[in-house]
């Protein structure tokens, strides 16, 4: 079920955004990551359809940015979403894009 929702969201995203730059994709990924992390720390925001929508937003942004860098991924790889997210985040890190470090740098002191 989640893979089908992700497939639809990716298709919709590709139609909505014409040829985004790597910088635009990274900015969208970091925004979605911030929202995802916010829902995991706020129990009132962590359930139901809202949580699925938040996860879909992050996964769409993650796949789009990874593809931009030549890392393959698609909806079929998300049968276990947490595992595929971790794989993509490691793959990004191996290219020099450390999302955890970027998160820390974006936080106000």
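Quick notes on this one:
- For the range 88-101, residues that are under 14 Å from residue 37 (Cα atoms) and surrounded by 14 or more Cβ atoms within 10 Å (Cβ to Cβ) total 1.
- Single residue of the range 64-87 satisfying the filter (farther than 19 Å from residue 39 by Cβ and under 11 Å from the mean Cα position of the chain (by Cα)) that is surrounded by the most Cβ atoms within 10 Å (Cβ to Cβ): 65
- So residue 27, is it modelled with pLDDT of 80 or more, surrounded by fewer than 19 Cβ atoms within 10 Å (Cβ to Cβ) and within 19 Å of residue 92 (Cα to Cα): yes
- Against the conditions (1) part of a helix (DSSP H, G or I); (2) in contact with a helix residue (DSSP H, G or I) (Cβ under 9 Å, 6 or more places away or on another chain); (3) free of Cβ contacts under 8 Å to residues at least 12 places away in the same chain, residue 105 satisfies every one except (2).
The values are calculated or read from the model by the stated rules, or taken from the named source; none is laboratory data. Note that the structure is predicted; figures quoted are calculated from it, not measured. Virtual Cβ from ideal backbone geometry, glycine too; neighbours counted across all protein chains shown.
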